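Quick notes on the structure that follows.
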Amino acid sequence: MLACAPVLAAAPAEKPQGAALAAHAAPAKPQGALSVSRIDFKRGDDGQGRLILQFDGQGANPDLRTQGNSVVVDVGNAQLPANLQKTLNVTDFATPVQRIEPKPYGGGTQLVLSTSGPAESLAYQSGNEYVVEITPRKTVAATGAVNAGTVAQAAAAAAQRGYSGKPVTFNFQDVPVRTVLQLIAEESNLNVVASDSVEGNVTLRLVNVPWDQALDIVPRAKGLDKRRDGSVIWVGPQAELSKFEQEKEDARIAIENRQDLVTDYVQINYHSVTAIFKALTEARGIGGGGSGGGGGGPGGGSSSQEESGFLSGRGRIVADERTNTLMIRDIPKKIARMRELINVIDRPVDQVLIEIRIVIATDTFARDLGAKFGITGTRNNVFYGSNLNDTHANINDQATKNNDYLKALSEWEAGNRTGAQPIRAPNKITANPMFNLPAGSTVTPGSLALSILNAGYLLDVELSAMQQESRGEVISNPRVVTTNQREALIKQGKEIGYVTISGGGATGGAAQANVQFKEVVLELRVTPTITNDNRVFLNMQVKKDEVQRYITLAGYGEVPEINRREVNTAVLVEDGQTVVIGGVYEFTDRSSVSKVPFLGDVPFLGNLFKQRGRSKDKAELLVFVTPKVLRVAKQN
């Protein structure tokens, strides 16, 4: 960590009496070398200890650092005369400094200030004097409390900006900006180039600040800016850098304007050419021709075109729907970039196979179906179940079996292993309900319910058994393949014709019969969206129409009254899972009469020769939707 002279612009307090060493008859020194001429120590107004080093000339380069309970000052370019190499005991000054030990060090001078405990060391240099102030601990604590919010804000800002440089400490007062930039360059191992316009001094105190944050703060304080190119950082006034970049951009545009235009043809394979054309030209007013081969005029101003980054100011693009081709006329560099962009957009899209089973099932089958899709059991000493109760039941059941087996094994061994050896009961898998599709007795018939079945082959098995037992029927099993995010429509039903009468009556004229048709269908719309984790998001709309009755209007014929049930839902399922939509009930009320011909028509006595029957059936319409992803595009 770099430790430099701290920045405190406080003027020295009135000089109290203190300890001082002065070089009166200093030995001869080399021509041009500096030496320490005076060492003085005083007590400040706030109880701080103040060390004053005086040199016999300007240009000293002191370095301040802290080592435990000592503050060390190294002056590498100043010699220490022999008569100043004396230890000063300054305990009586009642400051944090207890002792000052000056000594020669590596051809220069080193002063070690021993303190009574942790303290804050601050320094400033003025002319040929270097002043070090050692602040008492209580002052440091107060200062830390005052600045805690500022330090926290600085740390939060550094974390938000993502500064990751090595922490540095800079304490300067009125030093050239170029010197600070040079120190930052040494700490960052980067090359810093300062413009000739960089001038002036700066006063700063940065403690444990990342060097890259310091490189942001220091130029900003002097109205400067920076640009980085690899390992080289250029620092200069903001106006100068902006002017340079503008001139560079103008030169690039001028070169492009002198280049010859070329024409290229790009075949679109997997998308509509109009969609690609719209994506490339609608962003910010790029020049372009309409689809179908229309010519395109040049774009607007160069600034808007450069912001889009697709075409130059002279570039044109034309879409031909007949051949699904884009015709691009521009400089070679822009055409190459346009081709790269089209290659990213024009890719095959994954598809989804949507399998739909439409089932009319009896109420008992619908209830049984819910009890089939859920298994519990054990495998590899791992217990699992459709719910927590099932899992606990499996654990208890297996524990009972294990105890019975161990008891039988002990009895068999105690009986000298006579008879058959006991066999451990195998783990079994039992079917338990994971959900129940039909609505309960409190739910109004005709409401729609939604469930999800795990991927597997049991659905086909159950539906086949249902038909074998005459408890239901699969009335439709359509399959459709659609691309990702494209709607698939399945519609099954009929159109009911009815007659309406127009004209005649009070209006006069002949009445005219008209035949109208109305759709009564089961309609399913599904829009699949494939997620990145290989799941499918289904946006579904289900509509079920049913003729309730015909309404007779005098003079206008009969009009059917349609009952409509509709639901819109969105669900996220795994690839191959099945979404079940149920709750659409159909009620049938049948009456029948069986009788002996002639005898059954005799009043009163005919009841002895006839049989009446009446049955009420309730069936539920179940819709099973199973999406399966068909990968077409290459996985990244």
- Selection count where residues are more than 16 Å from residue 86 (Cα to Cα), in a strand (DSSP E or B) and touching a Lys or Arg at 6+ places or on another chain (Cβ under 7 Å), scope the stretch 103-131: 1
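Residues are listed down the side, and each one gets a yes or a no for (1) in the same structural domain as residue 319 (by TED's automatic domain parsing); (2) more than 30 Å from residue 125 (Cα to Cα); (3) surrounded by fewer than 13 Cβ atoms within 10 Å (Cβ to Cβ):
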{"residue": "195", "(1), (2), (3)": "no, no, no"}
{"residue": "201", "(1), (2), (3)": "no, no, no"}
{"residue": "212", "(1), (2), (3)": "no, no, no"}
{"residue": "218", "(1), (2), (3)": "no, no, no"}
{"residue": "222", "(1), (2), (3)": "no, no, no"}
{"residue": "230", "(1), (2), (3)": "no, yes, yes"}
{"residue": "266", "(1), (2), (3)": "yes, yes, no"}
{"residue": "278", "(1), (2), (3)": "yes, yes, no"}
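Could you list, in sequence order, all residues of the stretch 540-579 that are basic (Lys, Arg) and either free of Cβ contacts under 8 Å to residues at least 60 places away in the same chain or out of contact with any Asp or Glu (no Cβ under 9 Å at 6 or more places or on another chain) (or both)? Before the answer, list the steps.
Taking the stretch 540-579 and keeping what is basic (Lys, Arg), we get 543-544, 549, 564-565.
If the condition is that a residue be basic (Lys, Arg) and either free of Cβ contacts under 8 Å to residues at least 60 places away in the same chain or out of contact with any Asp or Glu (no Cβ under 9 Å at 6 or more places or on another chain) (or both), then 543, 549, 564 are the ones that fit.
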- Message: Residues that are over 30 Å from residue 349 (Cα atoms) and at pLDDT below 90: does the stretch 520-536 have at least one?
- Response: yes
- For residues that are of a type outside the set (Phe, Trp, Tyr), in contact with a helix residue (DSSP H, G or I) (Cβ under 9 Å, 6 or more places away or on another chain) and within 21 Å of residue 274 (Cβ to Cβ), scanning just the stretch 307-317, find the one that is modelled with the lowest pLDDT. 308
- Within the stretch 71-110, the count of residues that are modelled with pLDDT under 90, surrounded by fewer than 16 Cβ atoms within 10 Å (Cβ to Cβ) and under 17 Å from residue 121 (Cα atoms) comes to 1
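Would you point out which residue out of 603, 627 is modelled with pLDDT of 75 or more and surrounded by fewer than 17 Cβ atoms within 10 Å (Cβ to Cβ)?
603
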- Output the number of the condition that residue 174 fails; it satisfies all remaining conditions of (1) within 30 Å of residue 132 (Cα to Cα); (2) outside any strand (DSSP E or B). (2)
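Residue-by-condition table, conditions (1) at pLDDT 80 or above; (2) not in a loop (DSSP other than H, G, I, E, B):
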residue	(1), (2)
279	yes, yes
286	no, no
291	no, no
305	no, yes
319	yes, yes
333	yes, yes
336	yes, yes
364	no, yes
- Note on the structure: Output for Cβ contacts, cut-off 7 Å, separation at least six or different chains, first residue polar (S, T, N, Q) in the stretch 234-249, second part of a strand (DSSP E or B), reads 238/224; 238/225
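Among the residues of the stretch 215-226, is any part of a loop (DSSP other than H, G, I, E, B), within 39 Å of the chain's Cα centre (by Cα) and small (Gly, Ala, Ser)? Please lay out each step first, then the result.
Filtering the stretch 215-226 for residues part of a loop (DSSP other than H, G, I, E, B) gives 222-223.
Retained after the next criterion (residues that are within 39 Å of the chain's Cα centre (by Cα)): 222-223.
In the following step, the residues that additionally are small (Gly, Ala, Ser) were identified as 223.
Within the stretch 215-226, one or more residues are part of a loop (DSSP other than H, G, I, E, B), within 39 Å of the chain's Cα centre (by Cα) and small (Gly, Ala, Ser).
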- Can you name every residue in the stretch 484-517 that is modelled with pLDDT of 85 or more and assigned to a loop (DSSP other than H, G, I, E, B)? 484, 485, 486, 487
- Restricting the first residue to the stretch 515-536 and requiring it to be touching a residue at least 12 places away in the same chain (Cβ under 8 Å) and on the phi > 0 side of the Ramachandran plot, which pairs with a second residue that is surrounded by 14 or more Cβ atoms within 10 Å (Cβ to Cβ) and among the charged types (D, E, K, R) meet a Cβ separation below 7 Å and a spacing of at least six or different chains? 534/575
- Looking across the stretch 524-537 at residues that are crowded, with 20+ Cβ neighbours inside 10 Å and within 13 Å of residue 483 (Cα to Cα), the single one that is farthest from the chain's Cα centre (by Cα) is 526
- Task: Under 7 Å between Cβ atoms, at least 6 apart or on separate chains: pull out the pairs that start in the stretch 602-614 with a residue that is of a type in the set (Phe, Trp, Tyr) and end on any residue that is outside any strand (DSSP E or B).
- Result: 609/596; 609/599; 609/600
- May I ask you to list pairs of residues, at least six apart or on different chains, whose Cβ atoms are under 7 Å apart, with the first in the stretch 177-202 being outside any helix (DSSP H, G or I) and the second being of a type in the set (Lys, Arg)? 194/178; 198/178; 200/222; 202/222
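The values are calculated or read from the model by the stated rules, or taken from the named source; none is laboratory data. Keep in mind it's a predicted model, so treat the numbers as computed, not measured. Positions of Cβ are generated from backbone atoms using ideal geometry, with glycine treated the same way; all protein chains shown enter the neighbour counts.
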